[in-house]
Amino acid sequence: MSRGEQGNTAEQDEGRQVPRDDAAEQRARDEAIETLPPDAAQATSEAGQGANASVDQLQQQLADAQQEVLRAHAELDNFRKRLRRETEEQLKYAHLPIMRDLIGVLDNLQRAVEAAKHDQATLESLRSGVEMVIQQFVGVLAKYGCEGIEAVGRDFDPNVHEAIGHQPSDEVEAGKVIHEVAPGYRLHDRVVRPSNVIVSAGPNNAGETGGKENS
């Protein structure tokens, strides 16, 4: 072999990395620690133990946090279910108070009918009984914020009145309500049913206009 070939072979051997065994590396580290002074070796050992303890502590804190998140999700889900159940219950029985009051009105109507079946019941007594029931019914509506809409004599308001006709009038100016066919009601600020009304068209000047045309 020539000197050049030997040189190349030596360079290749130097550049080649020989794999190291893991057990050998561990032994090397142990031997290095053993060669350290006692204080340095103890410090190195305590540092390793402290690092392991910190990792264990962090893992435990992470596990605890995950459990807290799961419990919070479960509590929130239970709260939503309970709130939905209570809301459905309230909506289902929201009309219970007004039903109780209307049953009282129905009782009085039934009494009036029973009284009318007897010969001693006069037309006047029957009318008086029905008027009392009407007043009671109106009182129940007012108790829950439902009141009648004023119409006759008022200016026509399309928000609360519904015109079903117009009628000439010499006494009532045009645009005012002169007759209420069916009363309207509002619940607080919302119209339940508009009043069906007849609105004044003002004085009837058809005769005067015809006279002028004939002349």
Checklist entry - When the range 135-169 is examined, which residues are found to be out of contact with any helix residue (DSSP H, G or I) (no Cβ under 9 Å at 6 or more places or on another chain), more than 30 Å from Gly202 (Cα to Cα) and exposed (fewer than 14 other Cβ atoms within 10 Å of the Cβ)? => result Gln135, Ala142, Gly145
Item to check | Residues being part of a loop (DSSP other than H, G, I, E, B) and touching a residue at least 24 places away in the same chain (Cβ under 8 Å) - total across the range 181-209 | outcome: 7
Checklist entry - Among all residue pairs at least 6 apart or on different chains, which show Cβ distances below 9 Å where the first residue, located in the range 91-110, is surrounded by 10 or more Cβ atoms within 10 Å (Cβ to Cβ) and the second is not in a helix (DSSP H, G or I)? => result Pro97/Tyr144; Ile98/Tyr144; Asp101/Tyr144
Checklist outcome for this item: If we keep only residues of the range 90-105 that are of a type in the set (A, V, I, L, M, F, W, C) and assigned to a helix (DSSP H, G or I), then the residue farthest from Ile134 (Cα to Cα) is Leu91
Checklist entry - Do you know which of the residues in the range 122-180 that are of a type in the set (Gly, Ala, Ser) and assigned to a loop (DSSP other than H, G, I, E, B) is farthest from the chain's Cα centre (by Cα)? => result Ser169
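Only the coordinates and a few stated rules stand behind these numbers; no lab work does. Remember, it's a predicted structure, so these values are computed and weren't measured experimentally. Methodologically, a virtual Cβ is constructed for each residue, glycine included, from the backbone with ideal geometry; neighbour enumeration extends over all protein chains shown.
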